[in-house]
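J.: Dumping the structure here so I can ask a few things about it.
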Amino acid sequence: MEWKTLGNTPFLPPLYWRAALKRKITGSTLPEQGLRCRVSVNPKDVAAYRKVCGFADSPILPATYPHILAFGLQMQLLTAKAFPFPLLGLIHLSNCIRIHRPLGGVNELFISVHAQNLQPHAKGATFEVVTSVEDSLGVLWEAESRMLCRGVKLEGEAADDTQPTPVHISELTRWKAPSDIGRRYARVSGDYNPIHLSAPTAKLFGFPQAIAHGLWNKARTLAALGEHLPAANIEIEVVFKKPVRLPSEVTLHSSTAGSSGELLLKGAGDIEHMVGKWRPIA
């Protein structure tokens with residue numbers, strides 16, 4: 001893996017143009033280059049993110065917040081000329097984060113992102129966007145987001161990625177996903193994917209209504225689990241199943257507090273939106 005270090009975080013508007021203009025698959029191998037950059041944490045931005053995602057005030061960053069800090073780097077990686085798949089149309093299948101130490105007292109961090117693990121899938125091909133966050137003591141937080149690009153043809157067998165529904169869980173809470181949550185989350189995250197913003201823009205990509213961002217669903221869920229989860233030495237993995245159409249109401253089912261557990265986010269008519277689990281880092 002070759003690393004390119006940027007002097008500052010990427011400016012997003014040109015990257016949105018690049019994403020909008022690239023519509024074709026241009027290859028079937030991932031680039032061997034990753035991006036790195038130093039970023040600083042802005043308390044005002046964190047407060048705005050907490051509000052949109054339902055996190056209580058705390059000296060510790062929300063578990064999902066490093067994704068926001070890494071978003072510009074991820075955009076630059078996925079819209080680069082060498083990147084073979086168009087960003088618009090990628091489907092976020094799953095997300096796993098690992099918190100090695102509590103995310104407290106952090107103001108400057110070093111973030112790196114790269115893509116890896118291209119695999120055949122029944123509907124195309126999947127790959128992982130890997131994000132790593134370090135402070136002066138070493139790795140603090142890591143994540144893998146598994147993405148699907150439809151229409152890619154790769155040699156080999158597609159892995160079976162069916163996810164069992166958690167069993168020992170009970171209803172914890174419920175909340176509404178309002179019609180404007182996609183726009184509100186876009187403002188705090190930078191993720192202005194048209195499928196999240198409004199029904200007319202979502203229809204351009206084959207969705208009848210706007211859908212909530214997967215990472216908003218995960219963040220809102222972790223905010224609801226709040227005190228139930230350890231602050232560090234934890235791996236939290238979720239699989240996105242059926243999208244949450246906006247507006248709607250969802251119900252969170254989870255196992256009781258502990259160092260490991262399971263969760264399930266359901267919608268009307270028992271639609272499974274997201275299943276997940278947490279456990280200590282192996």
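J.: With respect to residue 39, is the statement that it is touching a Gly at 6+ places or on another chain (Cβ under 7 Å) and either in a strand (DSSP E or B) or open to solvent by 60 Å² or more (accessible area, probe 1.4 Å) (or both) true?
T.: No, not satisfied.
J.: Looking at region 177-203, I want the residues that are without any contact (Cβ under 8 Å) to a residue 60 or more places away in the chain and under 13 Å from residue 215 (Cα atoms) and have a partner that is buried (at least 18 other Cβ atoms within 10 Å of the Cβ) and not aromatic (Phe, Trp, Tyr) with Cβ atoms under 6 Å, at least 6 apart or on another chain. Which pairs are those?
T.: Qualifying pairs under 6 Å: 196/182; 196/210; 196/213.
J.: Could you check, for region 163-171, whether at least one of its residues is outside any strand (DSSP E or B), among the hydroxyl-bearing types (Ser, Thr, Tyr) and surrounded by fewer than 17 Cβ atoms within 10 Å (Cβ to Cβ)?
T.: Scanning region 163-171, I find at least one residue that is outside any strand (DSSP E or B), among the hydroxyl-bearing types (Ser, Thr, Tyr) and surrounded by fewer than 17 Cβ atoms within 10 Å (Cβ to Cβ), so the answer is yes.
J.: Please determine, by comparing only the residues of region 77-135 that are among the charged types (D, E, K, R) and under 27 Å from residue 162 (Cβ atoms), which one is most open to solvent (accessible area, probe 1.4 Å).
T.: Looking at the filtered set, the residue picked out is 123.
J.: Could you list, in sequence order, all residues of region 16-36 that are hydrophobic (A, V, I, L, M, F, W, C), open to solvent by less than 90 Å² (accessible area, probe 1.4 Å) and either assigned to a loop (DSSP other than H, G, I, E, B) or free of Cβ contacts under 8 Å to residues at least 24 places away in the same chain (or both)?
T.: 25, 30
J.: Would you mention how many residues in region 224-242 are surrounded by fewer than 18 Cβ atoms within 10 Å (Cβ to Cβ), part of a helix (DSSP H, G or I) and either in contact (Cβ under 8 Å) with a residue 60 or more places away in the chain or in contact with a helix residue (DSSP H, G or I) (Cβ under 6 Å, 6 or more places away or on another chain) (or both)?
T.: Within region 224-242, residues that are surrounded by fewer than 18 Cβ atoms within 10 Å (Cβ to Cβ), part of a helix (DSSP H, G or I) and either in contact (Cβ under 8 Å) with a residue 60 or more places away in the chain or in contact with a helix residue (DSSP H, G or I) (Cβ under 6 Å, 6 or more places away or on another chain) (or both) number 1.
J.: I've got another one for you. Quick check on region 243-260. Is at least one of its residues farther than 22 Å from residue 49 by Cα, touching a residue at least 60 places away in the same chain (Cβ under 8 Å) and either open to solvent by less than 30 Å² (accessible area, probe 1.4 Å) or aromatic (Phe, Trp, Tyr) (or both)?
T.: Taking every residue of region 243-260 in turn, at least one turns out to be farther than 22 Å from residue 49 by Cα, touching a residue at least 60 places away in the same chain (Cβ under 8 Å) and either open to solvent by less than 30 Å² (accessible area, probe 1.4 Å) or aromatic (Phe, Trp, Tyr) (or both).
J.: Before we move on, is residue 280 touching a Ser or Thr at 6+ places or on another chain (Cβ under 7 Å), exposed (fewer than 14 other Cβ atoms within 10 Å of the Cβ) and either within 22 Å of residue 102 (Cβ to Cβ) or among the charged types (D, E, K, R) (or both)?
T.: yes
The values are calculated or read from the model by the stated rules, or taken from the named source; none is laboratory data. Predicted, not measured: the structure shown is a model, and the values here were computed from it. Reconstructed Cβ throughout: ideal geometry from the backbone, glycine too, with neighbour counts over all protein chains shown. Heavy atoms of the whole protein, side chains included, go into the accessibility calculation; ligands, DNA and RNA do not. Shrake-Rupley method; radii C 1.70, N 1.55, O 1.52, S 1.80 Å.
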